[in-house]
Amino acid sequence: MGKVVLVTGVARQLGGRFVRRVQRDPDVERVVGVDAVAPEHHLGGADFVQADIRQSAIGRVLAETRADTVVHLDVTGTPLGSGSRTSVKETNVIGTMQLLGACQKSPTVRRLVVKSSTNVYGSAPRDPAVCTETTAPKSLPSGGFAKDAVEVEGYVRGFARRRPDVSVTVLRFANILGPAADTPLASYLGLPVLPTVFGYDPRLQFVHEDDVIEVLRVCSHEPRRGTLNSGTFNIAGDGVLLLSQCSRRLGRPTVPLMLPAVTWAGSLVRTLGMTDFSPEQIRLLTHGRVVDTTQMRETLGFRPAYSTAGAFADFARGRGAGLLPPEALAGAVDRIAELSRRGSGHLPTQSAN
Amino acid sequence: MADAKVIPFDDDRSRGNRRRAKAESAPAGEVQPLPLRGAAAREDDSGDDPVTPPAASGGQAPVRSLAGDDGGGEDGAGDGSLERRVAAGLSFLRRRLTGDYEVDDFGFDAELTDQVLMSLLRPVYEKYFRVEVKGVENIPAEGGALIVANHSGTLPLDGLMMQVAVHDHHPADRHLRLLAADLVFVLPVVNELARKLGHTLACAEDAERLLAQGELVGVMPEGFKGIGKPFGERYKLQRFGRGGFVSTALRQGAPIVPCSIVGAEEIYPMIGNSKTLARLLGFPYFPLTPTFPWLGPLGAVPLPTKWTIQFGEPIPTDGYAPEAAEDPVLMFNLTDQVREQIQHTLYKLLVQRRSVFF
């Protein structure tokens, strides 16, 4: 008898991709996708159930499908289409509570995987440079998605205590990037000119979408030999990029603004509804955040295919050239080098090409 | 020091210094002040300490060989090295402009530190404070080690000078990773530069992570109590925090290298502390010196004192049982031992010092 996997949040790109991927696994018999709105993308051969996880209907879905693995991906920072911040928060927090309540009553559930975020560590100058899974943040996130994630994790911990027979995995993802990423950070990096906070160069970490799908898949199956896939894990690509490096690699010029101006501009942009430039986003772009991934590599036994720089390069390829493409700048410097070689009266060394 | 009579070489040396300065400054393209003859001479008469490697203060051999290199091809060779330097500078510029460089998890930018930031600090180190380094061989060539130093001078210039001292004098070219107060990471610009120089927040997690990576970590456990103490209490070590640095070193089995810095106390003689202004600005203290803030920005120029940085014998920490890090008695004993050693060396160096400025 195969597994029945129930996935929430399938109307989003990431959920859709995961559903399509997990169906191909040999021991998976059936995949049920749940979301409040019908997805625009196809879900392969998976069943789609239109249900709002904020309602108790999710309990019926869980009972009818007799799912043994629940993958909760509907913990997100941005509304899908036209939604307000309030509805996002409700889906995150109330939705998680309803889903966990349903799981608690279900006799079939054996495994629960929850998507969280490294936002739970906040971003503060007084935090250690590298956060491990056990690091307690000095200042808890005061609002926004980060607070949702903290609360979601709190409920999940409570569930894990009440149902010790269910294997519970919480995956704290760093900023997810990829050719199709639709996260707030991705839309920020898509701006033609990047506003930055003057005097701060935050350290950022990225994880590639492919790696996200892969690690979710690893966690929704039985653990491989010598690994353990229940618990809380930071998921991020190796290495670190500074925001200044990101902007140079993207070829987008930066405009450093004083911190109060950035905060003010952020709230203005938010009011106009142009982009989700939340306070926690500004804090991330001020102080940065780096997490330790030793647990991911040693306990979970997962090695991401993309490093932070690799994930970023893949994202940059999908975005097209900025105003100051790095190739053009490199070419300009090369031309100056060429001129200076000629100017010095020496024969220029001929290169092979 | 007794060899101050090497006057015949003086001419040769100051020229050598100038050439060396030129050669070093190339990649960053920054302006390095020409050494004053007086300064060079002073540097020389203290520079004959056997411990100081030749790079520090114009030993004879390297100067000769440099002169030989240049003398061989005369102008042609000079052009060649200029060309090389231009090429190196341009490839550096190319990497910076395209973002094609690496930083570590702490934001340490080794290339920027080596090529630019160190070259900016070096004139201050060599020409302004004329730092004399002793006992650099006490720093292990590899593996983690914790350098514990006294802290003074109102502004943490002593940490930066210690970093230059380790980087320029240690044969293995090791980078010192300083642990800085949280205030550093709150201030704009300062935090960015500190991270790029490889500094990180003074907390047990970061220190342990760096030591576990085999880095050389520098800590000044006196913290604000040391740096912001009044001038009258100069060279009196304050309490060494709660000794957290000892348990960190014990947990990692990293040796503790005590370091005594003489000269930093007098750069800004703090004769008063405006508590009101400090509270208003959110600083732990607001220094009043004979010149600051009365002369405005001019008053913020430090006095050109002569510095000595002495690294002491390392104190091994790997012989203890794993639970030793939790033993408060052992921790206090070790903390006191380190503190005593630094204080003792400070007094010894002060007795040897001829004057504050020379």
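A compact table of results
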{"item": "Spin-label proximity, A:His41 to segment A:200-240 - amide N less than 12 Å from point 7 Å beyond Cα toward beta carbon", "result": "A:209-210, A:213"}
{"item": "Protection proxy ranking, peptides B:260-270, B:306-316, average beta carbon neighbours within 10 Å, highest first", "result": "B:260-270, B:306-316"}
{"item": "Amide hydrogen neighbours beyond the local backbone of B:Leu201, cut-off 5 Å, H modeled", "result": "A:Ala129, B:Ala180"}
{"item": "Charge dipole (segment A:197-303, unit charges on Cβ, about Cα centre) - positive-most of A:Val240, A:Thr299, A:Thr227", "result": "A:Val240"}
{"item": "Flagged links, alpha-carbon separation over 24 Å, of B:Lys275/B:Lys348; B:Lys134/B:Lys348; B:Lys196/B:Lys229; A:Lys138/B:Lys229", "result": "B:Lys275/B:Lys348; B:Lys196/B:Lys229; A:Lys138/B:Lys229"}
{"item": "Hz values of 3J(HN,Hα) by residue in segment A:247-262 - Karplus curve (6.51, -1.76, 1.60), Gly and Pro given as x", "result": "5, 5, 5, 7, x, 10, x, 10, 10, x, 10, 5, 3, x, 5, 5"}
{"item": "Residue mean of other protein chain beta carbons inside 10 Å, A:289-298", "result": "1"}
{"item": "Mean Cβ neighbour count within 10 Å, used as a protection proxy, ranking B:350-358, A:199-207 highest first", "result": "A:199-207, B:350-358"}
{"item": "Sequence-distant lysines (8 or more away, or on other chains) whose Cα lies within less than 28 Å of A:Lys105", "result": "A:Lys3, A:Lys89, A:Lys115, A:Lys147"}
{"item": "Percent antiparallel among DSSP beta bridges (both partners in the protein assembly as shown, rounded to 5)", "result": "15 percent"}
{"item": "Segment B:190-276 - Rg and Dmax from Cα coordinates, angstrom", "result": "15.1, 44"}
{"item": "Length added when fully stretched, B:Thr291-B:Leu187, from 0.36 nm per residue minus Cα-Cα", "result": "35.0 nm"}
{"item": "Karplus (6.51, -1.76, 1.60) ³J(HN,Hα), θ = phi - 60°, over segment A:174-189, in Hz, Gly and Pro reported as x", "result": "6, 4, 8, 10, x, x, 10, 5, 10, 7, x, 5, 5, 6, 4, 5"}
{"item": "DSSP bridge pairs, chain A: antiparallel proportion in percent, nearest 5", "result": "5 percent"}
{"item": "Alpha-carbon gyration tensor eigenvalues x 5, square-rooted, for chain A, Å", "result": "40, 23, 19"}
{"item": "Assigned charges on the beta-carbon of Lys, Arg, Asp, Glu; the protein assembly as shown dipole about Cα centre (debye)", "result": "1580 debye"}
{"item": "Peptide-level mean, for B:179-185, of C-beta atoms on other protein chains within 10 Å", "result": "2"}
{"item": "Peptide ranges A:104-110, A:171-177, A:127-133 listed from the most packed, as the mean C-beta count within 10 angstrom indicates", "result": "A:171-177, A:127-133, A:104-110"}
{"item": "Cα centroid separation, segment A:145-218 to segment A:27-86 (Å)", "result": "19 Å"}
{"item": "Charge dipole (debye, nearest 20) of segment B:95-144; +1 at Cβ of Lys and Arg, -1 at Cβ of Asp and Glu", "result": "440 debye"}
{"item": "222 nm mean residue ellipticity, helices alone, for chain A (DSSP H n ≥ 4; -39,500 (n - 2.57); rounded to 500)", "result": "-12000 deg cm²/dmol"}
{"item": "Alpha-carbon gyration tensor eigenvalues x 5, square-rooted, for the protein assembly as shown, Å", "result": "54, 31, 23"}
{"item": "Förster-model FRET efficiency, 41 Å R0, A:Leu228 and B:Val329, C-beta, rounded to 0.05", "result": "0.60"}
{"item": "Other protein chain Cβ atoms within 10 Å, averaged over every residue that makes up A:198-205", "result": "5"}
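Read the figures in this text as sums done on the coordinates, not as results from a lab. Values in this document were obtained by computation on a predicted structure and should not be read as measured data. Ideal geometry is used to build each Cβ from the backbone, glycine not excepted, and the neighbour counts take in all protein chains shown.
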